[in-house]
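Presented below is the structure to which this report refers.
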Amino acid sequence: MQNLDHQSNSQQNKNSRIYTKRHHEIIDALERLLEQGVPELTMSEIAKKLKISLRTLYEIAPSRDKLILMTMDNILKKLGKFAMDSVEDIDSPINKLEKYLFIVNQAVGPKFDRFLIDMEKINGSKTTADYHENFIKNYIKKLLEEAIEKKEIKSIDVKAFSILLGGIGREFFKEKNKNSINLTPEESANSITSIILNGIKLEN
């Protein structure tokens, strides 16, 4: 059900503006630009860097912040889709969950480090990040319920565990925590994820 909700929201976002093939090429170029960090550029300067007209850029988004938020949303959706596609053929819910979490934890990995730090300055970025985190938590909950049903894990409070597992990456990415841990936020999240999942598995 959550997958359907996510697709519905995504479709609604897509339908709010009609993009041409050229628009999508520009959006892809913008993603590559912003993955290197969110520069303090105006819409005019962004258009110049992308070698397009300012009018074309405004056809994609009405403001700089909206443009960057849309790009953030696209990047996270692509990572989420890659994670879902990667676990599609795994039968075991607990194995599916572990691989899925290792992939989505890349969102706090080195590739997105500069981008996420800069995104904190953009109005609305927390709302966008919260939306994606809530989707992840609901999917975790679904897999934990399936794992209990298949007797792969102990009977646990799946809601509590989904909140914990779905928020580990962002928690480690917070500046105060990132500066106090020995590993990267992604490595730390993966390490704790493995410990938690191994702790609730039933012995076969």
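The values are calculated or read from the model by the stated rules, or taken from the named source; none is laboratory data. Owing to the predicted nature of the structure, the values given are computational and were not obtained by experimental measurement. Neighbour counts are summed over all protein chains in view; Cβ atoms, including those assigned to glycine, are modelled from backbone coordinates with ideal geometry.
Mind listing whichever residues of region 40-51 are outside any helix (DSSP H, G or I) and loosely packed, with under 14 Cβ neighbours inside 10 Å?
Those that are outside any helix (DSSP H, G or I) and loosely packed, with under 14 Cβ neighbours inside 10 Å: E40, T42, K51.
Okay, residues lined up against (1) within 23 Å of T184 (Cα to Cα); (2) of a type in the set (A, V, I, L, M); (3) over 12 Å from the mean Cα position of the chain (by Cα):
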site: S92; (1), (2), (3): no, no, yes
site: V104; (1), (2), (3): yes, yes, no
site: G109; (1), (2), (3): yes, no, no
site: D113; (1), (2), (3): yes, no, yes
site: E120; (1), (2), (3): yes, no, yes
site: N123; (1), (2), (3): no, no, yes
Might you let me know whether region 52-69 holds any residue that is surrounded by fewer than 13 Cβ atoms within 10 Å (Cβ to Cβ), under 17 Å from the mean Cα position of the chain (by Cα) and at pLDDT 90 or above?
no
For region 82-111, which positions are more than 20 Å from I192 (Cα to Cα) and aromatic (F, W, Y)?
F82
When every residue in region 26-39 that is modelled with pLDDT of 80 or more and charged (D, E, K, R) is compared, the one surrounded by the fewest Cβ atoms within 10 Å (Cβ to Cβ) is R32
Have a look at K159, K151 and point out the one that is at positive phi and out of contact with any Gly (no Cβ under 8 Å at 6 or more places or on another chain).
K151
Could you list, in sequence order, the residues of region 70-98 that are within 16 Å of A129 (Cβ to Cβ), surrounded by fewer than 18 Cβ atoms within 10 Å (Cβ to Cβ) and among the hydroxyl-bearing types (S, T, Y)?
none
